[in-house]
Amino acid sequence: MSNELEYQQAQLKVDLHRHLEGSLRLDTMHEVVSRFDLDLPSNLEALRALVQVGDEDARDARTFLTKFKVIRQFFKSDDILQRFTQEVIEDAAADGVRALELRFTPAALTEFSGLTLTDVSEIVLHAGREAANKHQITLGFIVSINRHEPLELAEKVVRIAVDGHVSGISGIDLAGDEASAPVDPFVPLFAEAKQTGLKLTIHAGEWGGPENVAQAIDTMAADRIGHGVRVMEDAGVLHLARSSKVGFEVSPTSNIRTGVFDQLNAHPLSSMIDAGLFVAITTDDPAIFDTTLSQEHARVIAHQGLSNETIKGLTMQAIQLSFFHDKDKRALEKAFTNQFWNEEG
């Protein structure tokens with residue numbers, strides 16, 4: 001796969017589903033342990049075992065979410081949050097990502113920092129913009145809310161975005177423990193956000209069944225579905241998803257590492273594409289899963305039978321599925337077209 005990976009690393013890419021908290025550099029986390037004397041291992045490999053899903057870990061949602069509980073401890077100050085944000089953008093750029101929608105969870109960033117929800121949102125957006133300008137990335141921001149956390153917290157986060165206390169947020173994400181926490185309490189809140197012009201992306205059909213995808217489309221009016229890979233289990237939901245033209249943010253390595261599927265050959269990505277769904281390949285949490293978008297592309301070519309031309313087509317489709325302004329979409333389409341179909345020139 002080395003030659004294919006090198007080729008993919010040289011290509012421009014779009015990532016619509018990348019969590020800030022799941023993208024932190026291990027070396028920087030190691031520094032934070034020492035600087036703040038955290039009650040965490042000082043040994044780098046022991047620390048890795050707590051913040052990455054390894055080969056020895058159980059492949060299930062509980063194990064995955066446990067990693068996030070540890071990672072929350074690293075957001076200790078405003079300067080650390082700023083550094084993490086800038087490094088996430090830098091790492092994306094180094095992998096050839098030209099357009100990135102970065103989602104972050106304000107509740108996770110405030111728990112150990114003493115900062116307010118507004119504070120952390122402003123820091124992420126400011127640091128992200130600076131890094132995006134430096135590395136020439138088109139950058140969008142999505143605030144993420146966990147469905148297994150209090151509704152009152154979600155209301156505060158949405159209020160920040162809706163009332164414009166922090167400008168530049170284009171979307172709201174509902175994430176968290178899909179299997180045990182229903183979306184129903186969040187429906188009115190997300191409807192209000194939608195009415196103000198914010199876009200919605202809902203984690204569904206990952207650890208829960210296709211009925212959750214249907215609910216995200218019908219009840220939540222989702223613009224995109226985070227994962228949604230269980231959609232293929234129900235013909236009626238598949239028809240609904242196709243006719244609604246909802247986008248699917250599909251992260252193959254994530255789905256394997258969290259136990260949704262046993263191996264990449266069994267992943268439904270190619271079937272979703274063949275069924276006419278609007279799919280974008282994404283990373284989800286590249287540091288937790290030790291992956292990059294280039295690696296995702298190379299893996300699905302090797303194990304799903306996708307061609308380079310299909311990857312290019314999906315990348316162009318991701319631009320259209322993005323929450324970017326139309327002007328930014330047109331600029332990206334031009335830049336990507338110039339590379340993808342003028343390589344021989």
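The values are calculated or read from the model by the stated rules, or taken from the named source; none is laboratory data. All of these numbers come straight from a predicted model, not from anything done at the bench. No Cβ is skipped: glycine too gets one built from the backbone with ideal geometry, and neighbour counts run over all protein chains shown. For the accessible areas, the whole protein counts, side chains as well, though only heavy atoms, and no ligand, DNA or RNA atoms are used. Shrake-Rupley method; radii C 1.70, N 1.55, O 1.52, S 1.80 Å.
Of the residues making up the range 179-198, those that are assigned to a helix (DSSP H, G or I), open to solvent by less than 70 Å² (accessible area, probe 1.4 Å) and not charged (D, E, K, R) are P185, F186, V187, L189, F190, A191, A193. Is the range 247-257 home to any residue that is within 18 Å of T315 (Cβ to Cβ), in contact with a His (Cβ under 8 Å, 6 or more places away or on another chain), surrounded by fewer than 24 Cβ atoms within 10 Å (Cβ to Cβ) and not β-branched (V, I, T)? No.
Starting from residues that are in contact (Cβ under 8 Å) with a residue 24 or more places away in the chain and not small (G, A, S), keep the ones in the range 321-340 and report whichever is nearest to D274 (Cα to Cα). Step by step, filter the range 321-340, then rank; the result is L321.
Filtered by the rule that a residue be out of contact with any Ser or Thr (no Cβ under 7 Å at 6 or more places or on another chain) and under 14 Å from I169 (Cα atoms), the range 106-118 gives a lone residue, T118. Per the conditions (1) crowded, with 16+ Cβ neighbours inside 10 Å; (2) in a helix (DSSP H, G or I), the sole criterion not satisfied by S271 is (1). For F324, the test of being over 19 Å from the mean Cα position of the chain (by Cα), buried (at least 20 other Cβ atoms within 10 Å of the Cβ) and farther than 22 Å from A214 by Cα is failed. Per the listing N255, N338, N265, the residue uniquely polar (S, T, N, Q), touching a strand residue (DSSP E or B) at 6+ places or on another chain (Cβ under 9 Å) and assigned to a helix (DSSP H, G or I) is N255. Answer yes if at least one residue in the range 30-43 is in a helix (DSSP H, G or I), open to solvent by less than 60 Å² (accessible area, probe 1.4 Å) and among the acidic types (D, E), and no otherwise. There is no residue in the range 30-43 that is in a helix (DSSP H, G or I), open to solvent by less than 60 Å² (accessible area, probe 1.4 Å) and among the acidic types (D, E).
The residue of the range 214-231 that is farthest from L277 (Cα to Cα), among those that are in contact with a Phe, Trp or Tyr (Cβ under 9 Å, 6 or more places away or on another chain) and assigned to a helix (DSSP H, G or I), is R230. Kindly establish whether S322 is in contact with a Gly (Cβ under 8 Å, 6 or more places away or on another chain), over 28 Å from D60 (Cα atoms) and either of a type in the set (S, T, N, Q) or at pLDDT below 95 (or both). The answer is yes for S322. Filtering the range 59-74 to residues that are open to solvent by 50 Å² or more (accessible area, probe 1.4 Å) and either of a type in the set (D, E, K, R) or not in a helix (DSSP H, G or I) (or both) leaves R59, D60, R62, K69. Residues in the range 44-58 that are assigned to a helix (DSSP H, G or I) and either in contact (Cβ under 8 Å) with a residue 60 or more places away in the chain or out of contact with any helix residue (DSSP H, G or I) (no Cβ under 8 Å at 6 or more places or on another chain) (or both): E45, A46, A49, V51. When the test is whether a residue is β-branched (V, I, T), without any contact (Cβ under 8 Å) to a residue 60 or more places away in the chain, closer than 22 Å to R62 by Cβ and surrounded by fewer than 24 Cβ atoms within 10 Å (Cβ to Cβ), V260 passes it.
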